[in-house]
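Q: This is the structure I have questions about; it appears just below.
The values are calculated or read from the model by the stated rules, or taken from the named source; none is laboratory data. All of these numbers come straight from a predicted model, not from anything done at the bench. Neighbour counts run over all protein chains shown; Cβ positions are idealised from the backbone, glycine included. Accessible surface areas use protein heavy atoms only, side chains included; no ligands, DNA or RNA. Shrake-Rupley method; radii C 1.70, N 1.55, O 1.52, S 1.80 Å.
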Amino acid sequence: MATLQLCSKLSKLGLQNLTTGVREFSISSNWASKSHYDVLVVGGGTGGITMSARMKRKVGAKNVAIIEPSENHYYQPMWTLVGAGAKPLNKSGRSTASVIPSGVTWIKSSVQEFDPDKNLVQTDDGKEISYKYLIVALGLQLHYDKTGKRSKANVIYNTSLPVIFGVKKYADALLDIIKARDITVNYRLNLIEVNIDKREAVFETLDHPGETKTFQYEMLHVTPPMAPPDVLQRSALADAGGWLDVDKDNLQHKKYSNVFGIGDCTNLPTSKTAAAIAAQSAILSKTISLVMKNQKLMHKYDGYTSCPLVTAYNRCVLAEFDYNAQPLETFPFDQGRERRSMFHMKADLMPPLYWYALLKGLWGGPGPLRKLMHFGKN
Ligand code: UQ1
């Protein structure tokens, strides 16, 4: 009882982590004692941590806070390798406390409401936090429940695209690989039912409404439908689809000029990856600097994104492209080919680049490297 009372008192003071022994929290971050910050970052994923590191350099750590409820931060690009047994799961995560830039305040809660007209957000523990500049980096939510079968099935499969990949160059490369490995691909099929007893997955055929096709399986790998976080969908910051409504060139909110966005929660019309966040973070930093100085915005995000398509335990096709689905390749060789070098880049170079450069706000994507490799032409 005494412990409970102590916990509840500490909790009221925002000190509950003392009792759970999260030591980094007290060492690396300020206590969330203020209720106003020059820069408030919502979300402690890739975009949020990256931008808080950049904003710390710009306005000083004490003027930056980040709202994030999770104890752990995951490097999700490693999960394709974890799924294939090529990397251990525990290598993909670190404590949130260890990735928050030192001195930046960690507010360990979630945002319940945005009130961009008053420049404040409300957290789920009832606090109001105001800001001068808000960076929304909420990520997205996975809707495992949307087939209604999640609890009954081990896994659920969902695919409906008419192509294997949205950029023709890489689609052709993947089709060659698929042919060489004797893999059958079926397009425009949408999973509607999984029968676990019979190990059957039932798909509706999107080009022939009303018809279905049933597949036998031994292992089913499913990607759930994705949506913007609820809090964003119901806010004044969202577009009609619920995504953060930002300018595709400069990442500033279309209506609220002191609100900015980065990463998965935005309506930027490009593929959502860590590499995209890297490129976005460089542009967003420049945008915010100019906004802070009341100057005209001139830096443009070209939609750069990158998908390392791991095609074997030692091969990878490194797809890189822009808003127009045109290849925007870093290296001076054909990246449409499966390469061992690109596998090592994905498996061995990207994790340290992520932890020690991107999350520290020091990596703004491979744009400068690309220019160097192509003698300034691309
Ligand atoms: C990248 O910048 C990035 O973010 C750190 C990734 O995510 C982990 C990537 O997978 C890739 C490919 C890039 C692009 C970097 C280079 C050097 C092409």
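Q: Sort all Cα-Cα distances of segment 175-236 into consecutive 5 angstrom bins from zero, then give the percent of pairs in each bin up to the one containing the longest distance.
A: 4, 12, 18, 16, 17, 13, 10, 6, 3, 1
Q: At 1.4 Å probe size, with no ligands or nucleic acids counted, give the accessible surface of His208 in Å², nearest ten.
A: Accessible area, nearest 10 Å²: 100 Å².
Q: Give me the accessible area of Glu204, 1.4 Å probe, in Å² rounded to the nearest 10.
A: 60
Q: In debye to the nearest 20, how big a dipole does the chain give about its Cα centre with +1 on each Lys and Arg Cβ and -1 on each Asp and Glu Cβ?
A: The dipole of the chain has a size of about 1240 debye.
Q: Can you check how the C-alpha radius of gyration of segment 143-302 compares to 2.2 N^0.38 Å, as a plain ratio?
A: Relative to the 2.2 N^0.38 Å estimate, segment 143-302 comes out at 1.35.
Q: What translational D, rounded to a whole number of µm²/s, comes out for segment 200-253 from Stokes-Einstein when the hydrodynamic radius is the Kirkwood one over Cα pairs, at 37 °C and 0.692 mPa s?
A: Translational diffusion coefficient: 223 µm²/s.
Q: Same structure again: Mind listing the long-range amide H neighbours of Asn72? Cut-off is under 5 Å, sequence gap 5 or more, other chains count too, H placed in the peptide plane at 1.01 Å from N.
A: Residues meeting the amide H criterion: Thr96.
Q: With the cut-off at 1.5 for a/c, could you classify segment 212-318 from its C-alpha gyration tensor as rounded, prolate or oblate?
A: The shape class here is oblate.
Q: Note down the Stokes-Einstein diffusion coefficient of segment 270-360 in µm²/s, whole number, using a Kirkwood radius over alpha carbon pairs, 10 °C, and 1.306 mPa s.
A: For the chosen part, D equals 110 µm²/s.
Q: Okay, next question. Compute from the Cα atoms of segment 38-128 the Rg and the Dmax, the latter being the longest Cα-Cα distance, and quote both in angstrom.
A: So, for segment 38-128, Rg and Dmax equal 15.0, 49 Å respectively.
Q: Another question about this same structure. When only alpha-carbon atoms count, how far does segment 256-313 stretch along each of its three principal axes, as whole angstroms with the largest first?
A: 50, 17, 14
Q: Could you list which residues have their amide H under 5 Å from that of Ile107, counting only those 5 or more apart in sequence or on another chain, with H placed in the peptide plane?
A: Here Ile66, Ile67, Glu68 satisfy the definition.
Q: Next up: Applying the Karplus parametrisation 6.51 cos²θ - 1.76 cosθ + 1.60 with θ = phi - 60° to the phi angles of segment 259-265, what ³J(HN,Hα) value in whole Hz is obtained for each residue in order, glycine and proline being reported as x?
A: Listing the rounded values in order: 10, 9, x, 8, x, 5, 6 Hz.
Q: With the cut-off at 28 Å, tell me which of the pairs Lys118/Lys296; Lys254/Lys346; Lys346/Lys371; Lys58/Lys255; Lys62/Lys248 have Cα atoms farther apart than that.
A: Lys254/Lys346; Lys62/Lys248
Q: For Trp79, Trp363, Trp355, give me the order by solvent-accessible area with a 1.4 Å probe, most accessible first, ignoring ligands, DNA and RNA.
A: Ranking Trp79, Trp363, Trp355 by accessible area, largest first, yields Trp79, Trp363, Trp355.
Q: Jot down the per residue volume, in cubic angstrom and as a whole number, of the convex hull over the alpha-carbon atoms of segment 286-339.
A: Hull volume over Cα atoms, normalised by residue count, gives 101 Å³.
Q: Roughly how tilted is helix 46-59, in degrees to the nearest 10 and between 0 and 90, from the longest Cα axis of the chain?
A: For helix 46-59, the angle is close to 40 degrees.
Q: Compute the distance from the alpha-carbon center of segment 331-378 to that of segment 45-107, in whole Å.
A: Each part reduced to its Cα centre gives a spacing of 20 Å.
Q: Also, quick follow-up: Express in % the proportion of alpha carbon pairs of the chain at distances exceeding 31 Å.
A: So the portion of pairs separated by more than 31 Å is 43 percent.
Q: Just to be sure I understand the model, the point goes 7 Å from the Cα along the line to the Cβ. What's the resulting Ala357 to His143 distance in nm?
A: Using points 7 Å along Cα→Cβ, the separation is 3.7 nm.
Q: If you count the DSSP beta bridges with both ends in the chain, what percent of them are antiparallel, to the nearest 5?
A: About 65 percent, rounded to the nearest 5.
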